[in-house]
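J.: Please read through the structure below; I'll follow up with questions.
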Amino acid sequence: MTGKTAFETRYGFARKDVRLDNWRLRPFSQWSFQNVGELVPSAHVAAAPGGEEQAKSLGALLSEKISLAAGSETVESFLKRSDTDGLTILKGGKLVGDWSAANMAFGQRHIVFSISKSVTAILAGILEGEGLFDPNAPVTKYIPEAKDSAYGDASVRHVLDMTVSLDFEEAYLDPESAFARYRRATLWNPGGGSESLTAFLMTIQRLAGPHGQTYRYRSPNSDVLGILVERASGMRVTELLREKLWLPLGAASEMSVTVDMEGTARTAGGMSMTPRDLARIGEMMRQGGTANGRRIVPEAWVRDTVATGGSHEAWQRGTMVLLFPKGRYRNKWYQTGHDSGAFGGIGIHGQWLYVNPKTEVVIAKMSSQPEPVDDKLDVDIVAFLEALSQMV
């Protein structure tokens, strides 16, 4: 009888057990969320040379207690309870420390799912500042073939703010839904390769109501945004990421994004990066669009995105109002409505980028929660992140 491999000892299953039909399920996600490129075709974005980093412990902070709805618990116990894989905290632009679960080595990339939307929107903001992208233009200015889809009479602003009246549901667990067809088109599910992502997007139809009135969380909008920035710039998303964001940001590690059969980037959810580099994005936004003394995105765009823009009324009509009762959504970033002015990005299975401008704290949290969406846990996570950002 042969012994277990090092892989099996570490994860409790064999590499061959992780497949395209189960990579988002627990326990396999504890490995696959850090190795998406072994399962889904991916394009890579290189960082500048010499970016090696060392982990820094959070030390005594891990034993500090935080009060939540169900009672108080230590920082470390909550990280484990919420299936956190990796965490990085910055304060005033300086590293407070990192935390990694046993299944995630420091410096490992991890998929951030829908925080990819927020990153893609930064590219749109950069191009807007360069005069190459008009957020008030009709979608068809850049994508003429969208004329017979839900986007035929929508504006880029509707796409950016998730107010397209889109006849589509985020049915994560229904294998027979349009969402499952969508995932096949992205090559995230078995059976893909016969329909491209762009082709699928152009088939989605609209609801009867007008665009612009209701916040509807619909991931296809953000894949459309990826196509919009490519058409407006004449560059691929990966080229834009490297030249306009990753190198100016001073990212220390390579990032990647999944692609479909035509090489179209899954800008709605396919990006992977390290917790440190995700925190750098949050710090750049906290600094009003600058990093390393260099302006990356216009200050006015950042202010509009994280503080002043977005429709409170549209948010109130949406389905996420319980998470942020006073919130708004602008350019694919969440404004919490908290007194701290906190804002950030959120991804399924527990991905969070939380920025508290009042305390100057940025927290990047990457996880492998079993459920794509866990409303009760999400409320706890928001409370945890807000409290943690005030105690650092």
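The values are calculated or read from the model by the stated rules, or taken from the named source; none is laboratory data. Everything quoted here is computed from the prediction, not taken from an experiment. Quick reminder, even Gly has a Cβ in these numbers, built from the backbone with ideal geometry, and neighbours come from all protein chains shown.
J.: Can you tell me which residue in segment 140-157 is surrounded by the fewest Cβ atoms within 10 Å (Cβ to Cβ), limited to those that are of a type in the set (S, T, N, Q) and within 16 Å of Thr203 (Cβ to Cβ)?
T.: Selected residue: Thr140.
J.: Identify, please: which residue in segment 15-49 is small (Gly, Ala, Ser) and in contact with a Ser or Thr (Cβ under 7 Å, 6 or more places away or on another chain) and is, among those, farthest from Trp188 (Cα to Cα)?
T.: Ala47
J.: Which residues, taken from segment 88-128, are hydroxyl-bearing (Ser, Thr, Tyr) and in a helix (DSSP H, G or I)?
T.: Ser116, Ser118, Thr120
J.: I need the full set of residues from segment 231-279 which are buried (at least 24 other Cβ atoms within 10 Å of the Cβ) and among the basic types (Lys, Arg), in order please.
T.: The one that is buried (at least 24 other Cβ atoms within 10 Å of the Cβ) and among the basic types (Lys, Arg): Arg266.
J.: From the residues in segment 1-24 that are over 28 Å from Gly192 (Cβ atoms) and assigned to a loop (DSSP other than H, G, I, E, B), which one is modelled with the lowest pLDDT?
T.: The extreme case among them is Met1.
J.: What do you reckon, is Val40 touching a residue at least 60 places away in the same chain (Cβ under 8 Å), more than 15 Å from Trp352 (Cβ to Cβ), buried (at least 20 other Cβ atoms within 10 Å of the Cβ) and not charged (D, E, K, R)?
T.: yes
J.: What's the total number of residues in segment 323-361 that are in a strand (DSSP E or B), among the hydrophobic types (A, V, I, L, M, F, W, C) and within 17 Å of Asp85 (Cα to Cα)?
T.: Residues in segment 323-361 being in a strand (DSSP E or B), among the hydrophobic types (A, V, I, L, M, F, W, C) and within 17 Å of Asp85 (Cα to Cα): 3 in total.
J.: Within segment 285-298, identify whether any single residue is under 23 Å from Leu377 (Cα atoms), of a type in the set (A, V, I, L, M, F, W, C) and either surrounded by 24 or more Cβ atoms within 10 Å (Cβ to Cβ) or touching a residue at least 12 places away in the same chain (Cβ under 8 Å) (or both), and answer yes or no.
T.: The answer is no; no qualifying residue exists.
J.: Here's another thing I want to ask about it. Any idea which of Ala171, Ala137, Ala124 is in contact (Cβ under 8 Å) with a residue 24 or more places away in the chain and not acidic (Asp, Glu)?
T.: Of Ala171, Ala137, Ala124, the one residue that is in contact (Cβ under 8 Å) with a residue 24 or more places away in the chain and not acidic (Asp, Glu) is Ala124.
J.: Quick one: would you say Arg181 is more than 19 Å from the chain's Cα centre (by Cα) and among the charged types (D, E, K, R)?
T.: yes
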